[in-house]
1. When only residues in the stretch 64-88 that are closer than 18 Å to residue 127 by Cα and among the hydroxyl-bearing types (Ser, Thr, Tyr) count, which is surrounded by the most Cβ atoms within 10 Å (Cβ to Cβ)?
2. Scan the stretch 128-137 and give yes if some residue there is part of a loop (DSSP other than H, G, I, E, B), at pLDDT 95 or above and surrounded by fewer than 21 Cβ atoms within 10 Å (Cβ to Cβ), otherwise no.
3. Could you say whether any residue in the stretch 19-27 is more than 24 Å from residue 142 (Cα to Cα) and in contact (Cβ under 8 Å) with a residue 60 or more places away in the chain?
4. Just the residues that are part of a loop (DSSP other than H, G, I, E, B), over 17 Å from residue 37 (Cα atoms) and not hydrophobic (A, V, I, L, M, F, W, C), please, taken from the stretch 53-77.
5. Restricted to the stretch 1-35, and to residues that are in a helix (DSSP H, G or I) and of a type in the set (S, T, N, Q), which residue is surrounded by the fewest Cβ atoms within 10 Å (Cβ to Cβ)?
6. Which one is nearest to the chain's Cα centre (by Cα) among residues in the stretch 106-123 that are of a type in the set (Lys, Arg) and part of a helix (DSSP H, G or I)?
7. Kindly indicate whether residue 42 is in a loop (DSSP other than H, G, I, E, B), closer than 21 Å to residue 142 by Cα, out of contact with any Ser or Thr (no Cβ under 9 Å at 6 or more places or on another chain) and touching a residue at least 60 places away in the same chain (Cβ under 8 Å).
8. Look at residue 185 and say whether it is within 18 Å of residue 16 (Cβ to Cβ) and at pLDDT 95 or above.
Amino acid sequence: MSSRNKAKIRTMYRILFKAFGPQHWWPGDTPFEVAVGAILTQNTSWGNVEKAIDHLKAAHALSAKKIHEMPATTLAAFIRPAGYFNIKAKRLKSFIRFLCEHYGGSMKRMKKEDARILREKLLSVHGIGPETADSILLYALEKPIFVIDAYTKRILSRHDIIGHKEPYSAFQKLFHVSLGRDVRLFNEYHALFVATGKSFCKPKPLCKECPLMSLKP
């Protein structure tokens with residue numbers, strides 16, 4: 001990994017933070033709500049996830065105990081706005097079962113687990129892949145794990161830092177090596193990539209308006 005790319009990663013953060021400011025991400029009143037949101041946001045917009053979570057809140061059902069005891073069909077009805085609701089109900093039930101069986105339904109107990117061990121455990125849960133697991137680790141549990149998503153891959157590959165087809169772990173290692181292990185920095189940086197991807201680095205990019213244009217040779 002070249003020192004040039006490490007420096008570029010750090011410079012990117014400064015440029016994006018100056019352009020967008022703090023993102024206050026991830027929305028959620030509790031670690032449990034953040035974890036639920038990380039599962040529901042797969043393949044949908046955050047606005048749809050908020051609607052689904054609001055339905056659970058209105059029914060006083062946003063708790064590990066309530067969701068654990070709830071039939072999957074009932075849960076699917078609550079989370080319908082998030083799309084793929086039957087699939088996501090099964091995934092959410094699998095996560096809740098894991099949380100209850102291993103940590104007594106407590107996110108506080110889960111947080112005490114070593115990050116590497118917990119990540120492996122989360123990846124064994126049905127429907128939880130690297131991005132979702134890392135979102136739970138970083139945003140819900142404040143573990144220093146950088147989240148890699150489609151926006152991050154697109155931005156870095158377009159700036160010739162790392163190839164788009166490189167594995168998830170290679171992208172993640174780039175941030176861990178370049179930035180150290182800083183929860184607040186990882187949180188803010190990932191959110192800034194999301195903002196950049198939505199505003200400028202789209203499938204059809206708006207490069208001339210993008211604040212990262214200054215990095216181009």
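The values are calculated or read from the model by the stated rules, or taken from the named source; none is laboratory data. Quick caveat, the model's predicted, so the values are computed rather than measured. Glycine also receives a Cβ, built like all others from the backbone with ideal geometry; neighbour counts cover every protein chain displayed.
1. Looking at residues that are closer than 18 Å to residue 127 by Cα and among the hydroxyl-bearing types (Ser, Thr, Tyr), I get 84.
2. Applying the first criterion (part of a loop (DSSP other than H, G, I, E, B)) to the stretch 128-137 yields 128-129.
In the following step, the residues that additionally are at pLDDT 95 or above were identified as 128-129.
Next, from what is left, pick out any that are surrounded by fewer than 21 Cβ atoms within 10 Å (Cβ to Cβ): 129.
Yes, that holds for at least one residue.
3. yes
4. As a first pass, look at the stretch 53-77 and keep what is part of a loop (DSSP other than H, G, I, E, B): 59-63, 70-71.
Filter again for over 17 Å from residue 37 (Cα atoms), leaving 70-71.
Hit for the stretch 53-77 is 71, nothing else.
5. Filtering first and then ranking leaves 3.
6. Of everything passing the filter in the stretch 106-123, 119 is nearest to the chain's Cα centre (by Cα).
7. The answer is no for residue 42.
8. Numbers: within 18 Å of residue 16 (Cβ to Cβ): yes; at pLDDT 95 or above: yes.
Yes: the conditions hold for residue 185.
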